[in-house]
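All remarks here apply to the structure that follows.
The values are calculated or read from the model by the stated rules, or taken from the named source; none is laboratory data. Remember, it's a predicted structure, so these values are computed and weren't measured experimentally. Every residue, glycine as well, gets a Cβ built from its backbone with ideal geometry; the counts of neighbours run over all protein chains shown. Just so you know, the surface numbers come from the protein's heavy atoms only, side chains and all, with ligands and any DNA or RNA stripped out. Shrake-Rupley method; radii C 1.70, N 1.55, O 1.52, S 1.80 Å.
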Amino acid sequence: GGALETWEVEGLQTVGILLVVCSSLKLMHFLGLIDLSSPDSIEDDFELSTVCHRPESMDKLQEQTKFTKKELQVLYRGFKNECPSGVVNEENFKTIYSQFFPQGDSSMYAHFLFEAFDTDKNGSVSFEDFVFGLSIILRGTINDRLNWAFNLYDLNKDGCITKEEMLDIMKSIYDMMGKCTYPNMQDEAPREHVENFFQKMDRNKDGVVTIEEFIESCQKDENIMQSMQLFDNVI
């Protein structure tokens, strides 16, 4: 049983990082952004937008992200269809996730993810916030993506991940996956996962994981590196 348990913990560790990326793809799919089957029919309606929150110009966003103008138009149309006001609040995130993970409780994970997208901490995610996050997740370098994942795990944004923060994240992932996915894993499973994470990541054994430790450990982990590259050609 030992080998299987190790695999489950190792597997879940990768799942934790994968979920960051996966869930953003789910968000995109929900917004109707992944189906780019007819890009030619997209008119340039960006500047004619009547939303309350008017984004920066396409050219500026194109400079600041790794998306083409056409991709930004597709993203914007999808975003505007789902969010006519031009911004997404935390409740929107929770609604989206509850539809994708009906067997579990995704509200806490949605909360953490919302905080990672809401970079200016104003309680809402604008089109710019959304696109900047997606640009990192889908088009950023491995380092960019790992920085983004670290920021998600660093709940109080003080520059290091504590065991308490990691435990909160892991519990939220277990809750979201639902009891039917991991029926034998109760409270001790997230705790075991956190111990394993710290054993691997906390190189100087001071009880916290810094961004340097996190990036160095992830880069040496083949599973994590492979999972990070799965999304290179999504759109």
Item checked: Matching residues, the range 75-90, being open to solvent by 20 Å² or more (accessible area, probe 1.4 Å), at pLDDT below 90 and part of a helix (DSSP H, G or I) -> R77, K80, N81, E82
Next item on the list: Kindly provide the set of residues from the range 203-216 that are open to solvent by less than 20 Å² (accessible area, probe 1.4 Å) and either under 30 Å from E71 (Cα atoms) or modelled with pLDDT under 90 (or both), ordered by number.
Entry: none
Margin query: Test of understanding: among L138, L146, L152, L134, which residue is closer than 30 Å to K60 by Cα, surrounded by 14 or more Cβ atoms within 10 Å (Cβ to Cβ) and at pLDDT below 85?
Written below: L138
Next item on the list: Would you please list the contacts, defined by Cβ atoms under 8 Å and residues six or more apart or on different chains, that run from a residue in the range 59-88 that is under 23 Å from R145 (Cβ atoms) and charged (D, E, K, R) to a residue that is open to solvent by less than 20 Å² (accessible area, probe 1.4 Å) and modelled with pLDDT of 85 or more?
Entry: K66/S135; K66/G140
Note to self: Can you list residue pairs whose Cβ atoms sit under 8 Å apart, with the first residue in the range 194-206 being aromatic (F, W, Y) and the second being at pLDDT 90 or above and not in a loop (DSSP other than H, G, I, E, B)? Count only pairs 6 or more apart in sequence or on different chains.
What the structure shows: F197/M166; F197/V209; F198/K163; F198/M166; F198/V209
Check: Just to be sure, is I173 over 29 Å from V87 (Cα atoms) and in contact (Cβ under 8 Å) with a residue 40 or more places away in the chain?
Finding: no
Margin query: Would you confirm whether or not the range 56-67 contains a residue that is out of contact with any Leu (no Cβ under 7 Å at 6 or more places or on another chain), modelled with pLDDT of 55 or more, of a type outside the set (F, W, Y) and buried (at least 17 other Cβ atoms within 10 Å of the Cβ)?
Written below: yes
Note to self: Among the residues of the range 220-231, are any open to solvent by less than 20 Å² (accessible area, probe 1.4 Å), modelled with pLDDT of 85 or more, out of contact with any Asp or Glu (no Cβ under 6 Å at 6 or more places or on another chain) and in a loop (DSSP other than H, G, I, E, B)?
What the structure shows: no
